Amino acid sequence: MMKHRLFVAFSLTCISLMLVAQTPTDSIAIVQAPWKISALHKGIISKEYNFDSLYGVPLCVSMLEVHPSYRFDVLVNAPMESTSVSARSAGAIAAINGSFFDMQEGFSVCYLQQRGVVSDTTAYAYFDRAIGSGAIYMHHRKVKLIPWGRDIEKSWKVDEASVLVSGPVLLIGRQEYDLSACNRAFVETRHPRSAIAVTADGKVLLLTVDGRLQGNSEGIRLTELAHLLRVLGAEDAINLDGGGSTTLWASSAPGTGVLNHPSGNQEFDQMGERKVANIICVYE
């Protein structure tokens, strides 16, 4: 009983530390923001807003809300390619950058299964950082976020689905995930971030928050990202590769189709994309 009480007390302490960066003012700002909303396709809408101050800094948030009638899949870029170029070439109508990868060699460092074919497994170092704590499972029109770990990966029975491991998990059943096992600098440093989430009614949210753009959008902590997604209606959510990889794209958007402001050129425009090893695509 004493061990149980200590565990509960420790868990509550972790949760309280996670929530300290968010305030009721942030929640109100998210809900009351005059979001720029555009219908890109039937059942797909984009939402964007530049906050003068959210979580204490300027932030640009871009999101696609996708009806569950669309098909999702992971796309492997070999060689590496930018999200917009790769997605357009594959005939996708929307896409977001995928999970973590080796920037020199161009392979995924997280488990990647594309329609039943396994191309990469998770590096142990990523399990140790809790980055391999979840996966996006995509099969036909079904998208769900599932738990992951070393034991699950070892015993995983490959089926015809596509699976991409990422992390850390941000939300489970609208509850913010305990990030105490993660590297603290990774959690607490403001970075550009990307995430995928599922709502209670089955919609899929693809979300980016720009960063490293002083005065325009300065990046978000993982605890803040979890809070943002929960307020926006996410039930389950997982972090994707972020930083210079952060890119959200739609085929019907103007120009290159990039909706956010990738940080590669350090300009607040759509031209700073990085070449990445894998992306998550939305198809008709």
Next item on the list: Among the residues of the range 164-176, write down those that are in contact (Cβ under 8 Å) with a residue 12 or more places away in the chain, surrounded by fewer than 24 Cβ atoms within 10 Å (Cβ to Cβ) and under 15 Å from Pro147 (Cβ atoms).
Entry: Pro168, Leu171, Ile172, Gly173
Checklist line | Failed criterion for Phe127 (all others in (1) outside any strand (DSSP E or B); (2) under 26 Å from Val231 (Cβ atoms); (3) open to solvent by less than 40 Å² (accessible area, probe 1.4 Å) hold) | finding: (2)
Note to self: Being at pLDDT below 95 and either open to solvent by 10 Å² or more (accessible area, probe 1.4 Å) or part of a loop (DSSP other than H, G, I, E, B) (or both) is true for just one of Gly132, Gly91. Which residue is that?
What the structure shows: Gly132
Check: Taking the condition buried (at least 24 other Cβ atoms within 10 Å of the Cβ) and either more than 19 Å from Gly243 (Cβ to Cβ) or touching a Lys or Arg at 6+ places or on another chain (Cβ under 6 Å) (or both), does Trp156 pass?
Finding: no
Next item on the list: May I ask you to list the residues in the range 177-207 that are in contact with a helix residue (DSSP H, G or I) (Cβ under 6 Å, 6 or more places away or on another chain), at pLDDT below 95 and open to solvent by 20 Å² or more (accessible area, probe 1.4 Å)?
Entry: Asp178, Ser180
Margin query: Considering only residues that are more than 20 Å from Pro192 (Cα to Cα) and surrounded by fewer than 21 Cβ atoms within 10 Å (Cβ to Cβ), which ones fall in the range 94-122?
Written below: Gln104, Glu105, Gly106, Phe107, Gln114, Arg115, Gly116, Val117, Val118, Ser119, Thr121
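The values are calculated or read from the model by the stated rules, or taken from the named source; none is laboratory data. Only a predicted model underlies this, so the values are computations on that prediction, with no experimental measurement involved. For neighbour counting, all protein chains shown are included, and Cβ atoms are generated from backbone atoms with ideal geometry for every residue, glycine included. What goes into the accessible areas is simple: the full protein's heavy atoms, side chains included, and nothing from ligands, DNA or RNA. Shrake-Rupley method; radii C 1.70, N 1.55, O 1.52, S 1.80 Å.
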